[in-house]
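K.L.:
Dropping a structure here in structure tokens format, bear with me for questions.
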Amino acid sequence: MSDTDRIGDSAGEHRTALSSDSSAMGTTVNKVCCMCGVDLHGRTRYKDSSGRYWCPTCNEKDRLAKEPATCPDCNQSMTRADLVDFKGTAVCQSCWEKRRAAAKREEARLRALEEAIREEEERKRRLKIYLSVGLIMVALWAIAYAIYWFIARSAS
Ligand SMILES: [Zn+2]
Ligand SMILES: [Zn+2]
């Protein structure tokens, strides 16, 4: 693939690559990128059918954006520009909304689950306290009874 092959008709707009300024086209037109506004004097630039200039970066971005793509969720065909990133996966706008709603539901479900686990742990903790209090009381009662039994026995 030569340098000229790479150059621009892929977007279907007949953009021509111009590598540098030449006196032959010494117009006073402002050679700035129509997308990002970068000055393109003496730099590689692309010109589209409506006479606008594109810097290589914006041209490439635009070319990529117009490439056909498929939404992995609904399998609809579209261009890359229609896809929105959702946590590393590019999906269409409506699937993005769906994924976000699903993620929110999942988040709420996890939160409820966490809450239930916390409550269960709290319940177990309380049960342990009651149990140890009960054991201490039984032990105290046994000690008191032993003392009483000892006194009663030595008195007789
Ligand atoms: Zn640009
Ligand atoms: Zn989709």
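K.L.:
Closer than 30 Å to ASN75 by Cβ and modelled with pLDDT of 95 or more: which single residue out of TRP141, TRP96 fits that description?
P.N.:
After ruling out the rest, the residue left standing is TRP96.
K.L.:
Name the strands (runs of 3 or more DSSP E) wholly within segment 75-114 that hold at least 1 residues that are within 16 Å of ligand 2 (Cβ to nearest atom), without any contact (Cβ under 8 Å) to a residue 40 or more places away in the chain and within 11 Å of the chain's Cα centre (by Cα)? Walk me through how you get there before you give the answer.
P.N.:
Working: elements: 77-79, 83-86, 89-92.
Answer list for segment 75-114: 83-86, 89-92.
Residues checked against (1) exposed (fewer than 12 other Cβ atoms within 10 Å of the Cβ); (2) among the polar types (S, T, N, Q); (3) within 30 Å of TYR46 (Cβ to Cβ):
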position: ALA65; (1), (2), (3): no, no, yes
position: CYS92; (1), (2), (3): no, no, yes
position: GLU97; (1), (2), (3): no, no, no
position: ALA103; (1), (2), (3): no, no, no
position: ARG118; (1), (2), (3): yes, no, no
position: GLU122; (1), (2), (3): yes, no, no
position: ARG125; (1), (2), (3): yes, no, no
position: TYR130; (1), (2), (3): yes, no, no
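K.L.:
So, one more: Can you give me the number of residues within segment 47-59 that are surrounded by 15 or more Cβ atoms within 10 Å (Cβ to Cβ) and under 24 Å from MET78 (Cβ atoms)? Spell out how you get there, then give the answer.
P.N.:
Going through segment 47-59, the residues surrounded by 15 or more Cβ atoms within 10 Å (Cβ to Cβ) turn out to be 47-48, 53-56, 58-59.
Right, trim to under 24 Å from MET78 (Cβ atoms) and you get 48, 54, 58-59.
Going through segment 47-59 one residue at a time, the tally reaches 4.
K.L.:
Filter segment 28-74 down to residues that are over 34 Å from the mean Cα position of the chain (by Cα) and either of a type in the set (Gly, Ala, Ser) or assigned to a helix (DSSP H, G or I) (or both), then give me how many there are.
P.N.:
Residues that pass the stated criteria total 4.
The values are calculated or read from the model by the stated rules, or taken from the named source; none is laboratory data. Just so you know, these numbers come straight off a predicted model, no measurement behind them. A quick note on method: Cβ atoms are made from the backbone with ideal geometry, for glycine too, and the neighbour counts reach across all protein chains shown.
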